[in-house]
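To start, the structure under review is shown below, and the notes come after it.
Bear in mind that the values in this text are calculations on the coordinates, not laboratory data. All of these numbers come straight from a predicted model, not from anything done at the bench. Heads up, the Cβs are rebuilt from the backbone with ideal geometry, glycines too, and the neighbour counts pull from every protein chain shown.
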Amino acid sequence: LEDAVPLSLRDERIALKYGAGGHAMRTLIRDVFLCGMPASAVPEDVTLEAMDDGAALRIGHQWLVITTDSHVIHPLFFPGGDIGRLAVSGTVNDLAMMGATEVRALTCAVIIEEGFSRADLERIQRSLRDTCGEAGATVVTGDTKVMGKGEIDGLVLNTTGIALTDRLVTDAGLRPGDRLVVTGTIGDHGMAVMAHRHGLAIDDALTSDVAPINGLIRTALAAVPDGIVAMKDPTRGGLASALHEMAEKSRVGVVIDEMAVPVMPQVRAASELLGIDPMHVANEGKAVLGVRPDAVDAVLEALRRHRFGREAAAIGSCTADHVGTIVLDTGFGRRLVSEIEGEPLPRIC
Amino acid sequence: MSADGVAELKFRDPTRARALTDALGEIVEQIDRMPVSIMHVCGSHEQAIARFGLRAVLPRRLNVIMGPGCPVCITDVPEVDEGVALARAGVHLATYGDMLKVPGTVMSLSDAQAEGARIDVVYSVAQAVELARNVDEPIVFFATGFETTAVATAAAVLGNPPSNFFVLSAHKYIPPVMEIVAEMPDTRVEGFLAAGHAATITGWGVFEAFVDRHRLPVVVAGFEPLDILAGLVKLVDLIRQGTPQVANMFPRCVTKEGNVRAQEQLWRVFRPIGGRWRGIAHVPNGNLRLRDEWAHLDARRCFDIDLESLWRFAPPALVHECICGDIMAGIKSPTDCRLFGHDCVPHAPVGACMVSSEGTCRIWHQYGGHPDLGGRRAAVPA
């Protein structure tokens, strides 16, 4: 399916699926945004072409990691977080996924709809500020625009982050035999937002996991030198998309033991109710790590000592065969894991 | 872990599952012909089979065919057209989310919505009644599904709904279509796996006459992986013994009589009439329509539904290549279809089977294209 571009991916108009973080979005970036873009002057640089969580530029003996993310979410306030916490966490986590866990600085651009509540804006700023504190980050510059009523939906927040690191980790470093680790339960964020938005009676029990996890990743990276070979945060498209992207770029196959994938009981219940696979649901405070087999125990131990990593688990491994394919062992049988082509429901992050 | 979680695990025990698949393999071996073909008639069964990857561990010689078990998929094109025509005429519709993208002759409800038609997605008929209570205009509930959802619609009709609540019934009744499929020359079905949830209402006794007529065994099964495997073991064992009978492998929910009160309500509100099931055939007594007593809330009798206005347009181009009908009759698989996964995907479906979460094409697509990964057990380090 990957080779033949489906007709539906050559749409004349941009449908929602192009923003859903899956195959359609990567196709759009490749076909539109990369088209004719001059290459970086420094050949070592990791740029848009790599389609990683951010870019990495060689500066002396270090890497300058830079990433940017625009945040739109309905509702702006949801169980466990809000757009402010999301905007900081998303960018901090993207930096961390490249191995850059000490955030040097953030920028914040905001586009506000005419008539937006000042009290809400202040509440969002407080959340943004507090999350910065948690992540050891600060906003150093920004931009503010107000657009007319109806020209934009509420509020759009963009954050850009920069950080320096000595050792770069990409999402393409998996090799056959490497193990895959998730840092905690999956599906919490997307399911909480969906349940809240659709007024499901169970939404009390569901809380988003949105959090800056650079501290958690720092701990894991320090556990074993060079023990972690690849990282990705399973945001839009969920664990399924993250695994697909890592497997495709690393040219390995992946086998996942479904019973080992941590899912909170209430998330599992909601996912069965809605017919949505938790593996397709967004996370905002989790990471998938590719770990050398001899480092798995130490990495897991380090993760579980951190408050954001208590439920960390080894969920599978990489193989040399079925490259780019994710096989799920359900405990009863086996099937493939697909990427979703649109969002399970519109705009979850 | 909650009490529910523990109950769930009881039916999701991989050790027991392996014992059942081993037993299944042995019985199929003993049946001295190949392949042994059985049919389930429920999208939820296919959903569970694909979701848990059961096809990868079923005996090679056991052919589990997906029958016409998706209520959204078998909703006929003219029925979708009725909903579209009403909505385009400015009538406020409420329906289940799965129905939105089902293609009609020229457009789906979702296309009509994009043109400005008002269509609310509801999770239950009760929500549609609630909607009607809160507005001053007519609300038409486009009612789809098998007896499982038809009883809910019946209860709403009998529950004294507000006078601005109307029903456009496209409900279907499963038992008659099993007769049709059993008589289709190309299917070679040797037994049926019947849907446990529908049988909670009809009771397993409803299948006795069918078994007598067609001399084919019917096993009622639930939806957890162990339910399905146990159901399959029982069914192939009945085939091996050559003893056509009804077996209830879902006794924790299904009785012989079923939910008598729900049946009474169902038949007080609906009458069975013959009608087309999309892609399958004309099914005698397969459609449920409101009885005359309820004419005052029957959208077909209270509104002038102008289908002609729709049929002036040309039909979509790819529809003639769609093989949904053959897939639902169990003659073909989604991977036999040229459109599958390329020109027909969940966000741009050509056939109804790609629309519903219970549609075979949608299920196969969601779970990675072709769910059968071959016999080798994948190695997962402990």
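Work out the P(r) tail for the stretch A:196-349: percent of alpha carbon pairs separated by more than 23 Å, whole number.
Cα-Cα pairs of the stretch A:196-349 separated by over 23 Å account for 38 percent.
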task: Could you list which residues have their amide H under 5 Å from that of B:Thr105, counting only those 5 or more apart in sequence or on another chain, with H placed in the peptide plane?
output: B:Asp81
- line: Scoring chain B by relative contact order with C-alpha pairs under 8 Å, at least six apart, yields a percentage of 22 percent
statement: If unit charges are put on Cβ atoms (+1 for Lys and Arg, -1 for Asp and Glu) and the dipole of chain B is taken about its Cα centre, the option from B:Val72, B:Pro334, B:Leu318 lying farthest towards the positive end turns out to be B:Pro334
query: With chain B treated as a Gaussian network of Cα nodes joined by springs under 10 Å, which of B:Leu229, B:Leu193, B:Leu307 yields the largest mean-square fluctuation?
result: B:Leu307
task: Would you tell me the mean number of C-beta atoms belonging to other protein chains that fall within 10 Å of each C-beta in B:346-353, as a whole number?
output: 3
Where Cα atoms sit under 29 Å apart: lysine pairs in the protein assembly as shown separated by 8 or more or lying on different chains: 18
query: Relative contact order for chain A using alpha-carbon pairs under 8 Å, separation at least 6, rounded to a whole percent?
result: 22 percent
- request: Would you kindly calculate the translational diffusion coefficient of the stretch A:171-260, applying Stokes-Einstein with the Kirkwood radius from alpha carbon pairs, for 37 °C and a viscosity of 0.692 mPa s, and quote it in µm² s⁻¹ without decimals?
  value: 220 µm²/s
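Among B:Cys70, A:Cys132, rank each residue by its count of other Cβ atoms within 10 Å, from fewest to most, as a rough exposure measure.
Listing B:Cys70, A:Cys132 from fewest to most nearby Cβ atoms yields A:Cys132, B:Cys70.
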query: Ratio of Rg to Rh for chain A, alpha carbon only, Kirkwood?
result: 0.94
field: Whole-number percent relative contact order across the stretch B:52-174, with pairs defined as alpha carbons under 8 Å at least 6 apart
entry: 24 percent
- prompt: Anyone know which of A:His196, A:His61, A:His244 comes out most mobile in the 10 Å Cα GNM of chain A?
  reply: A:His61
message: What is the angle, in °, between the Cα long axis of helix B:225-241 and the longest principal axis of the Cα atoms in chain B? Nearest 10 is fine, range 0 to 90.
response: 70 degrees
field: Relative counts (whole %) of C-alpha pair distances in the protein assembly as shown, using bins that are 10 Å wide
entry: 3, 13, 23, 24, 19, 12, 5, 1, 0
- request: Sorted from largest down, give the three principal axis spans of the alpha carbons of the stretch A:23-142, whole angstrom values.
  value: 48, 33, 24
query: Taking K and R as +1 and D and E as -1, what net charge do the other residues with C-beta under 13 Å from the C-beta of B:Phe340 add up to?
result: -1
message: Under 5 Å between amide hydrogens, which residues at least 5 positions from A:Gly142 or on another chain qualify, with H placed 1.01 Å from N in the peptide plane?
response: A:Cys108
message: Per residue of the stretch A:49-55, what does 6.51 cos²θ - 1.76 cosθ + 1.60 with θ = phi - 60° give for ³J(HN,Hα)? Whole Hz please, x for Gly and Pro, Karplus curve as stated.
response: 3, 6, 6, 8, 5, x, 9
Rounded to 10°, Cα long-axis angle of helix B:77-88 versus longest principal axis of chain B: 40 degrees
task: Provide A:Lys145, A:Lys17 in ascending order of the number of other Cβ atoms located within 10 Å of each residue's Cβ, fewest first.
output: A:Lys145, A:Lys17
query: Angle, helix B:14-30 long axis vs. longest principal axis of chain B, Cα atoms, 0 to 90°, nearest 10?
result: 70 degrees
task: Provide, for q = 0.06, 0.12 Å⁻¹, the log10 of I(q)/I(0) from a solvent-free Debye sum over equal Cα point scatterers in chain B.
output: -0.24, -0.94
- prompt: Taking every residue in B:51-62, how many Cβ atoms of other protein chains lie within 10 Å of its Cβ, on average?
  reply: 4
query: Would you list B:Asp32, B:Asp292, B:Asp111 from fewest to most Cβ contacts within 10 Å?
result: B:Asp32, B:Asp292, B:Asp111
- prompt: Under the Karplus relation 6.51 cos²θ - 1.76 cosθ + 1.60, θ = phi - 60°, what is the ordered set of whole-Hz ³J(HN,Hα) values for the stretch B:161-166, x standing for Gly and Pro?
  reply: x, x, 5, 9, 9, 10
statement: Connecting every pair of Cα atoms under 10 Å apart in chain A and solving the GNM, the largest mean-square fluctuation among A:Glu12, A:Glu248, A:Glu102 falls on A:Glu12
task: Using only the alpha carbons of the stretch B:8-140, determine the length spanned along each of the three principal axes and report them from longest to shortest in whole angstroms.
output: 64, 34, 19
